[in-house]
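Since the structure comes first, as structure tokens, the remarks are kept for the end.
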């Protein structure tokens, strides 16, 4: 276990403090974790734009599960999933392109 017994402090303007606090809050990390990551590791990217994409993917997953249940019950014989497959492919590409920008840090239930 490493012991952190050194203090690093620096001065900022009120506007800079506000910007730093906002970034820390968006990251979901503690102030110490955020500043250590920012100083020692790769750049921190908070991908807020993933939330709507993940919400949509969850909805598609629920619809697909419902369709599967209906198919197993014999209530659905044929389903045309070309549009769904194309949309999922585009979504996967978009998420992959975002992730290529760098590490994605997320917090909580997206």
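Read-outs: derived from the displayed coordinates by stated rules, not from any lab. Bear in mind the structure is a predicted one, so any value in this text is a computation, not a measurement. Every residue, glycine among them, receives a Cβ derived from its backbone with ideal geometry; neighbour counts consider all protein chains shown.
Site pair residue 26 and residue 9 shows an inter-label distance of 2.9 nm when each label is modelled 7 Å from Cα along Cα→Cβ. Using the Cβ-Cβ distance between residue 37 and residue 83 with R0 set to 41 Å, the FRET efficiency from 1/(1 + (r/R0)^6) comes to roughly 0.55.
For the peptides 80-88, 52-60, 9-17, 27-35, the ranking by mean Cβ contacts within 10 Å, running from highest to lowest, is 27-35, 52-60, 80-88, 9-17. Calculate log10 I(q)/I(0) of the range 50-99 for q = 0.13, 0.23, 0.31 Å⁻¹, where I(q) comes from the Debye formula with a single equal point scatterer on each Cα and nothing for solvent. For the range 50-99 at q = 0.13, 0.23, 0.31 Å⁻¹, log10 I(q)/I(0) is -0.38, -0.87, -1.17.
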